[in-house]
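Here is the structure we will look at.
Just so it is clear, none of the values below were taken in a lab; they were calculated from the coordinates. The structure displayed is predicted, hence computed values, not measured ones. Counting neighbours? That spans all protein chains shown, and the Cβs are built from the backbone with ideal geometry, glycine included.
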Amino acid sequence: MSKPADSSLDRIRRHLVGLKMPCALESLQDTVQRIERGELSTFEAIEALLGEELTTRQSRRIKMALQTARLSTIKTLSAYDFSFQPSLDRQQIFALAELGFVERRQAVHLLGPPGTGKTHLAVALGVEAVKAGHSVHFSTLADLIASLTRAEREHTLRERVRYLSRHRLLIVDEIGYLPVGTSGGNLFFQLVNACYERNAMILTSNRGFGEWGEIFGDAVVATALLDRLLHHAVVIQIEGSSYRLREHAQLLPEHMRSRPSASPPPEPPVKRRRRSKEDA
Ligand code: ADP
Ligand code: MG
């Protein structure tokens, strides 16, 4: 192949700068030399330059989106040891990773004792959603309520709820570790109500639904929350022992080694429909 004139290389460089393609610009000289040495055909060279730029852009976009989603500790489904948690249906989790529940704006509940991987699975599903281009927001219930309380104090609650409900997938982690009180329950209800049938949610909890009245400080608010959060819901109960404590289980008293389940979800007050895994 004939050597490209310096002027035409300069023009290509200027185009790449104008098009904001720094990776292709950086590899241009090397790629031209490889064409000259016969190591690359022209088509392969174009593909390599564009491909490199695209891959870099995609990974930068995913990195930014993961930061925006607050998915800082990255967990993946492939890093989850399903053999440690035999009660969990692997196929059902992988079906969720196909993200049909996001399209259908469903709520997914991950229930189980501490250390069984609820946060891990919620983050891993969030990462899949980010990779697929969905906007995701991850927060613990305590942080979420703190931010809603602050917004209410600053008279910006409506904007805060609108901002949160703009995300296609909201992940609310650690429901039940700390009681949030009636005002927290009311604020969470306003968010859930805004998200109902508009956004997908993943909620994790170490407590059964029957205990939500206690968590949210009010049976009426808990009923209204469950009414929305169990409609179109996928409920996954993990029944097993803590992965964190797997090497130290013998140091624990017998009753703490393997807790079968956070009390099984009771029938909700109204409108509950459990979806089968085909729906997940
Ligand atoms: P939970 O939210 O249910 O309390 P986490 O998801 O925080 O539990 O899990 C605790 C730690 O153990 C995390 O570092 C997580 O990555 C890891 N972990 C939990 N279950 C598994 C598993 N089955 N396979 C691999 N790692 C796991
Ligand atoms: Mg957790």
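Tabulated data for the structure shown
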read-out	value
Lysine pair number, Cα distance threshold 25 Å (strictly under), the chain, separation 8 or more or different chains	11
Gain on full stretching of the segment that runs from Val220 to Asp81 - 0.36 nm per residue minus C-alpha separation	46.2 nm
Neighbourhood net charge (9 Å Cβ-Cβ; Lys/Arg +1, Asp/Glu -1) for Ala24	-3
Among Ala124, Val136, Leu157 - extreme Cα towards positive end, dipole of the range 107-167, charges at beta-carbon	Leu157
Stretch gain in nm, segment Ala132-Arg11, where the contour uses 0.36 nm per residue and the Cα spacing is subtracted	40.0 nm
With at most 14 other Cβ atoms within 10 Å, longest stretch of the chain clear of loop GluC sites (Glu not before Pro) (DSSP)	40-97
Extension gain (nm, one decimal) between Glu44 and Glu154, 0.36 nm per residue minus Cα-Cα	33.9 nm
Förster radius 35 Å - calculated FRET efficiency between Arg90 and Glu247 (Cβ-Cβ, nearest 0.05)	0.90
For the chain, average projected area of the Cα convex hull in nm²	20.1 nm²
